[in-house]
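*Asks:* Let me begin by handing over the structure; questions about it come next.
The values are calculated or read from the model by the stated rules, or taken from the named source; none is laboratory data. None of these values were measured; they are calculated from a predicted model. Cβ: placed from backbone, ideal geometry, glycine included. Neighbour counts: every protein chain shown.
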Amino acid sequence: MIGDAPEIRRAAGAVPLSHEYRVIHSTSAPQGLKAAKGRPPNLIVIALERPANELEVLRHLRAETTAPLLVLSSCRPSNGNDRTLDLLAHLGRAWGRAERICHVRDLEIDRTRRRASVKGQVIRLTPIEYRLLTTLAEHRNEVLTHQQLFEEAWGREYAEVQHVHYLHVYVAQLRRKIEPDPARPGYIVTESGVGYRLADDADA
């Protein structure tokens, strides 16, 4: 829980949990970000009395974790409050990760059936290929670093000793399966020296 409101301080000590979980309460955004980095959370609740901080906190948290975010906000879309609209748009992207079916042009990813298809033709994916593709789809049009992709596909422990060559091999395999022309990829775009992104636009 990240919050400086009195209600949050009281709730942090009153939530009944099983022995598998515990509540970590941070009274400020920097403390909360540090806690999220140190121990990956299962759920994050944010309730800051200064709504202007919420957008920045969300951006940093989404860069560090894919845990669900529950925001208790006092923001109201009045007086042309663009920050509120930005916050809602950011939350919309986060909520979109729970979509059961994702469409990126002719590519369809069905989470329920754990399968992907291109132009209606089902393609066979290994578990790692599937995790890489769904991770890229969850963050479509966003650049994901090699480190981020390693953590999602192989796990945090393997990301510590990552070999980028492995990632290149699996991305090449994915391209052969989903790209019309793997030599000129239009879906999985390389960001040289950084990572990859899944392009939602054929001209991206």
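*Asks:* Select from the stretch 138-157 the residues that are among the charged types (D, E, K, R), outside any loop (DSSP other than H, G, I, E, B), without any contact (Cβ under 8 Å) to a residue 60 or more places away in the chain and surrounded by fewer than 19 Cβ atoms within 10 Å (Cβ to Cβ) and list them in ascending order.
*Replies:* Kept after step one, since they are among the charged types (D, E, K, R), are these residues of the stretch 138-157: 138, 140, 142, 151-152, 156-157.
This time we only want the ones that are outside any loop (DSSP other than H, G, I, E, B), so: 138, 151-152, 156-157.
From the residues that got through so far, the ones that are without any contact (Cβ under 8 Å) to a residue 60 or more places away in the chain too are 151, 157.
If the condition is that a residue be among the charged types (D, E, K, R), outside any loop (DSSP other than H, G, I, E, B), without any contact (Cβ under 8 Å) to a residue 60 or more places away in the chain and surrounded by fewer than 19 Cβ atoms within 10 Å (Cβ to Cβ), then GLU157 is the only one that fits.
*Asks:* Something else: Checking the condition part of a helix (DSSP H, G or I) and not aromatic (Phe, Trp, Tyr), which residue from ARG184, ARG175 passes?
*Replies:* On the way: ARG184 fails: part of a helix (DSSP H, G or I).
Every option except ARG175 fails the conditions.
*Asks:* Can you spot a residue in the stretch 117-128 that is surrounded by 15 or more Cβ atoms within 10 Å (Cβ to Cβ) and either outside any strand (DSSP E or B) or touching a Phe, Trp or Tyr at 6+ places or on another chain (Cβ under 6 Å) (or both)? Working first, answer last.
*Replies:* To start, the set of residues in the stretch 117-128 that are surrounded by 15 or more Cβ atoms within 10 Å (Cβ to Cβ) comprises 117-118, 123, 125, 128.
Narrowing the set further to residues that are either outside any strand (DSSP E or B) or touching a Phe, Trp or Tyr at 6+ places or on another chain (Cβ under 6 Å) (or both) leaves 125, 128.
Yes: the stretch 117-128 contains one or more residues that are surrounded by 15 or more Cβ atoms within 10 Å (Cβ to Cβ) and either outside any strand (DSSP E or B) or touching a Phe, Trp or Tyr at 6+ places or on another chain (Cβ under 6 Å) (or both).
*Asks:* Something else now. Tally time: how many residues in the stretch 146-165 are at pLDDT below 80 and of a type in the set (Phe, Trp, Tyr)?
*Replies:* Residues in the stretch 146-165 being at pLDDT below 80 and of a type in the set (Phe, Trp, Tyr): 2 in total.
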